[in-house]
Amino acid sequence: MPSGTNILLKSPIDDLGELTLIERIRVMTMDKVNPVFTTSLGIEDQVLTAALADAAPQVRIVTLQTGRLFPETLALIEETEKRYGIEIERFTPDPEKLAAYIEQYGANGFYESVDARHACCGVRKLEPLGRALEGADLWITGLRRRQSNARAEVPFIEYDENRNLEKANPLADWSIEDVRSFVSGNRVPTNPLHERGYPSIGCEPCTRAIKPGEDERAGRWWWENDEKRECGLHVDDSQPAASAIQ
Ligand code: SF4
């Protein structure tokens, strides 16, 4: 088996797709010692935070505070903590690595080249993510197949060989309508930017509103002409684009 691949795992029951979200989460976290959920505070992740607070409060909830987030996102972190009585652990960039990045590329050097952008995501996101997932045996994410072509094959459960841990995507088969319905039915707090044309929200300088008919993630790194634009958090290293993305 090639190294660096994500491997599909058979779920503990025959069809996770038949279960409710709460049931899925209970099955996915069953027998896990250190499950971690990484939230970007996007609408999918807010659904999962609400469900985890209810069904699996033992799961650690962490976020990557890159230093370039929207003020609305920072405010939502605190609002969410209060709403669900939880702590969202903040992971920030290593100061020395960040200083070295800025020295080499400039604070906004990510606009200048794909390499500079990958280097910024590496320092502000990937390295802190590695720390956030240290010792974890399950990584829960809010990935959905219909978010973009690059995510069309997202399974419910896979094995992330790079990080040597199981990865669970409980919303893999949900549509955006499913997500919105859960949010309105459970009065889940969401980022006000979603109402202003931002379905996917990342760092402020790298996210714009999308136009009607565009892919949900078209507003991320919009200046790059690449269908597989990702920050590297959820990319398979065995794919040719991955090394460039990271
Ligand atoms: S999204 Fe933009 S600002 Fe955020 S880490 Fe990546 S390149 Fe840097």
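The values are calculated or read from the model by the stated rules, or taken from the named source; none is laboratory data. Just so you know, these numbers come straight off a predicted model, no measurement behind them. No Cβ is skipped: glycine too gets one built from the backbone with ideal geometry, and neighbour counts run over all protein chains shown. Accessible surface is based on the protein model in full, side chains and every heavy atom, while ligands, DNA and RNA are left aside. Shrake-Rupley method; radii C 1.70, N 1.55, O 1.52, S 1.80 Å.
Quick notes on this one:
- Taking region 124-182 as the range and being within 27 Å of GLU204 (Cα to Cα) and among the β-branched types (Val, Ile, Thr) as the test, the residues that pass are ILE140, THR141, VAL154, ILE176, VAL179.
- Among the residues of region 40-70, those that are of a type in the set (S, T, N, Q) and open to solvent by less than 10 Å² (accessible area, probe 1.4 Å) comprise GLN46, THR49, THR63, THR66.
- Checking each residue in region 164-198 for being of a type outside the set (Ser, Thr, Tyr), within 16 Å of the ligand (Cβ to nearest atom) and not in a helix (DSSP H, G or I) picks out only ASN191.
- Residues satisfying the stated conditions in region 91-102, i.e. charged (D, E, K, R) and within 15 Å of the ligand (Cβ to nearest atom): ASP94, LYS97
- Scanning region 199-246 for residues that are in a helix (DSSP H, G or I) and either modelled with pLDDT under 65 or buried (at least 20 other Cβ atoms within 10 Å of the Cβ) (or both) turns up CYS206, PRO240, ALA241, ALA242, SER243, ALA244, ILE245.
- Here is the figure for region 116-148: residues that are farther than 30 Å from ASP31 by Cβ and within 11 Å of the ligand (Cβ to nearest atom) total 9.
Per-residue answers, yes or no, for (1) at pLDDT 95 or above; (2) open to solvent by less than 40 Å² (accessible area, probe 1.4 Å):
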residue	(1), (2)
VAL154	no, yes
ASP160	no, yes
ASN164	no, no
VAL183	yes, yes
ASN186	yes, no
